[in-house]
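Have a look at the structure below, then the notes.
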Amino acid sequence: MLQLLEESKGDLVAFQLTGQVDKRDYDVMLPLLEEKIKQYGKINIYAEVQGVEDISLQALWDDIKFDFRHAGDFKKAAIVGDKKWLDWLTVMATPFTTAKVKYFEPIQRTTALEWIQEEEE
């Protein structure tokens with residue numbers, strides 16, 4: 001399930017993924033990201049991933065297509081979660097985007113929000 005977080009403001013899209021993630025979640029999220037990209041050019045992403053049990057193949061495919069189309073449209077991405085594969089995913093994504101991508105443990109939520117909201121020099 002996808003839930004937009006109240007921290008979403010301006011060029012920051014903040015959301016939480018929990019439980020079962022499917023195509024319906026991406027049907028909500030991807031148009032929002034597209035709109036923000038049109039409005040701001042480049043955007044920041046903050047994602048909390050908690051207890052995700054399953055991501056449907058269709059949702060994963062939609063995400064991959066979106067990421068390749070918009071690889072240069074992200075400034076920073078903060079991924080917060082308690083799974084070690086999220087850290088691995090962060091490292092693996094780096095060569096495919098111009099964004100700064102960083103993984104944070106759940107206890108570092110405040111630090112992640114501060115980092116994603118910092119202006120780049």
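Looking at the structure I just gave you, is Gln39 at pLDDT 75 or above and not in a helix (DSSP H, G or I)? For Gln39, the condition - at pLDDT 75 or above and not in a helix (DSSP H, G or I) - is not met. Mind checking which residues of the stretch 75-92 are in a helix (DSSP H, G or I) and either at pLDDT 85 or above or within 21 Å of Thr18 (Cβ to Cβ) (or both)? Matches in the stretch 75-92: Lys84, Trp85, Leu86, Asp87, Trp88, Leu89, Thr90.
In this structure, is Lys9 over 14 Å from the mean Cα position of the chain (by Cα) and at pLDDT 80 or above? When the stated conditions are applied, Lys9 passes them. For beta carbons closer than 7 Å, sequence separation of 6+ or different chains, a first residue in the stretch 5-24 that is in contact (Cβ under 8 Å) with a residue 12 or more places away in the chain and closer than 18 Å to Glu118 by Cβ and a second that is in a helix (DSSP H, G or I) and among the charged types (D, E, K, R), the qualifying pairs are Asp11/Lys36; Val13/Lys36. Exactly one residue out of Ala47, Ala14 is out of contact with any Asp or Glu (no Cβ under 7 Å at 6 or more places or on another chain) and either surrounded by fewer than 17 Cβ atoms within 10 Å (Cβ to Cβ) or part of a strand (DSSP E or B) (or both), and it is Ala47.
The values are calculated or read from the model by the stated rules, or taken from the named source; none is laboratory data. Keep in mind the model is a prediction, meaning the values are calculated, not measured. Don't worry about glycine lacking a Cβ; one is built from the backbone with ideal geometry, like all the others, and counts go over all protein chains shown.
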